[in-house]
Amino acid sequence: MTTYKLNINGQSKRVDAESDTPLLYVLRDNLALQGPKYGCGLGQCGACTVLVNGEAVRSCVTPVSSIKSSKVVTLEGLGTPEAPHPVQQAFIDEQAAQCGYCINGMVMTSVAFLNKTPSPSQQQITQALANNLCRCGTHTRIVKAVERAAKAGQQTVKGA
């Protein structure tokens, strides 16, 4: 067991974990963050996506020992219920969630994507989200939400 000092959502957190413990487990079990979800456990569905230094990362296959001094942002670190992040607000406005299980990954991947591609085409959005699985079939509304966020032009996450 090792003590790790992590930067999670702009706050310093200390957690005790084995070096091979997935970041997802540390976030959910040690820090009680419920944004990232356990989906497949293989890094294939995207439900567990978080931002690590601004990059979308699958936390279920990322060992906590690899995080070191990186800045981790979870869904909880993007915005608040009173002041959602522009991507979160766009997902709300477009009613892009049905069951909601994939939304964490869709939002986090969209934030990272829009930070690099602020004016994407619909095809680019579809490609960026291609590896995030949605079982409910709300992809059309999800793509519209990302288009809305891009048009708002306010998608940059501070510190991510």
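Annotations
- Taking all Cα pairs closer than 8 Å and separated by 6 or more residues, the relative contact order of the chain comes to 25 percent.
- Each residue of region 23-30 is assigned a 3J(HN,Hα), and the resulting list reads 3, 3, 5, 5, 4, 7, 7, 8 Hz, derived from the Karplus form 6.51 cos²θ - 1.76 cosθ + 1.60 (θ = phi - 60°), x at Gly and Pro.
- Under 16 Å, Cα to Cα: Lys pairs in the chain, sequence gap 8 or more or different chains: 8
- S19 versus K5: modelled label distance in nm, points set 7 Å from Cα along the beta carbon direction: 1.9 nm
- By the helix-only formula, in which each DSSP H run with n ≥ 4 contributes -39500 (n - 2.57) and the sum is divided by residues, the chain has a 222 nm mean residue ellipticity of -8500 deg cm²/dmol.
- Amide N proximity, region 1-17 versus S69 label position 7 Å along Cα-to-Cβ, cut-off under 20 Å: 3-15
- Using the Cβ-Cβ distance between E55 and E82 with R0 set to 41 Å, the FRET efficiency from 1/(1 + (r/R0)^6) comes to roughly 0.90.
- Among the GluC sites (Glu not before Pro) within region 62-160, those in coil by DSSP and having at most 14 neighbouring Cβ atoms inside 10 Å are E82.
- Linear extension gain, L42 paired with Q123, 0.36 nm per residue minus alpha-carbon span: 26.5 nm
- A simple count of charges around N30, restricted to other residues whose Cβ falls under 15 Å of its Cβ and scoring Lys, Arg +1 and Asp, Glu -1, yields -1.
- Note: relative contact order over region 79-152, using C-alpha pairs below 8 Å and six or more positions apart, is 48 percent.
- Debye, to nearest 20: dipole size of region 2-77, +1 on Lys, Arg Cβ, -1 on Asp, Glu Cβ: 160 debye
Bear in mind these aren't lab numbers, they're just calculated from the coordinates by the rules spelled out. Being a predicted model, the structure only gives us computed values, none of them experimental. Methodologically, a virtual Cβ is constructed for each residue, glycine included, from the backbone with ideal geometry; neighbour enumeration extends over all protein chains shown.
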